[in-house]
Amino acid sequence: MDDEETAGHPWTLTYKELLDRVCSDYGFRLCQSEVVDPWGRLIKQRYLKSVDGMSIIHLPANMEPETRLNEHTTRSLCRRLGIPPEDFGLYPAE
């Protein structure tokens, strides 16, 4: 989806902007751990931790901070985080 198609839509955030807002507005904390895969490569795993520390939400590994989110991806991340999609300018799920 190009900039012309998404111009003016409130859900056209970057992945970083969405995570920043989730942390500031909902109290999640962005965390990272490093593990070694079976081939000896270092893998960085990013996740969000809830305010009470009881919930951990693993984040997609293939998304870069500057990735521009579309409506479908934004809605999927909201669902994963338990955040109403309306908070990001999307209609509620039907």
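Modelled spin-label separation between residue 31 and residue 17, with each label point placed 7 Å from Cα along the Cα-to-Cβ direction: 2.8 nm. Rg and Dmax, both from the Cα atoms of the range 27-82 and both in Å, are 13.1, 37.
Remark: the chain projects, on average over all directions, an area of 7.4 nm² (convex hull of Cα atoms).
Here, each number is a calculation from the coordinates, and none is a lab measurement. What you see is a predicted model, and the numbers here were worked out from it, not measured in a lab. Cβ atoms come from the backbone with ideal geometry, glycine included; neighbour counts cover every protein chain shown.
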